[in-house]
1. Would you work out the charge dipole size for the chain about its Cα centre, treating the Cβ of every Lys and Arg as +1 and the Cβ of every Asp and Glu as -1, and quote it to the nearest 20 debye?
2. Under the 0.36 nm per residue contour assumption, what length would be gained going from the current alpha-carbon distance of Phe70 and Asn82 to full extension?
3. Would you mind calculating the relative contact order of the chain from Cα pairs under 8 angstrom and at least 6 residues apart, reporting the percent as a whole number?
4. For the stretch 1-78, just run the numbers: alpha carbon Rg, then divide by 2.2 N^0.38 Å, N being how many residues it has.
5. Keeping all protein chains in position, work out how much accessible area Leu35 exposes to a 1.4 Å probe, and write it in Å² to the nearest 10.
6. So how far, in whole Å, is the C-alpha centre of the stretch 1-29 from the one of the stretch 52-69?
Amino acid sequence: NPTGRKQLAAELVDGDFSRVEADAISQIDAGAHILDVNTGVPMADEPTLMVRAVKLVQPLTHATVSVDSFMPEALKAGLESNHC
């Protein structure tokens, strides 16, 4: 979730998802059963960011991936990109 995380927000806009992957692996290793994916960066193409994040995170785990956004288009895109 990039809210309050300026560096992550900038990385997402630049197309760098390495922190998303590292955060997901860290949370899985800590025992998370659900991974919340939120790509809400003001003025960014959130649906595109959401698709990329879900496609990156989902193969890393058998945990549930929660698509989290206030933007209906981002929710729809994230759900449609889900492999399940």
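1. Numbers: 6 positive and 12 negative charges, 10 e Å.
Its charge dipole is roughly 40 debye.
2. Values: separation 12, 0.36 × 12 = 4.32 nm, distance 1.81 nm.
That works out to 2.5 nm of additional length.
3. Working: 101 pairs, mean separation 25.5, N = 84.
Here the relative contact order equals 30 percent.
4. 1.00
5. My reading of the accessible area for Leu35 is about 10 Å².
6. 13 Å
The values are calculated or read from the model by the stated rules, or taken from the named source; none is laboratory data. Note that the coordinates shown come from a computational prediction; the quantities given were computed from them, not determined experimentally. Every residue, glycine as well, gets a Cβ built from its backbone with ideal geometry; the counts of neighbours run over all protein chains shown. These area figures cover heavy atoms from the full protein model, side chains too; ligands, DNA and RNA do not enter into them. Shrake-Rupley method; radii C 1.70, N 1.55, O 1.52, S 1.80 Å.
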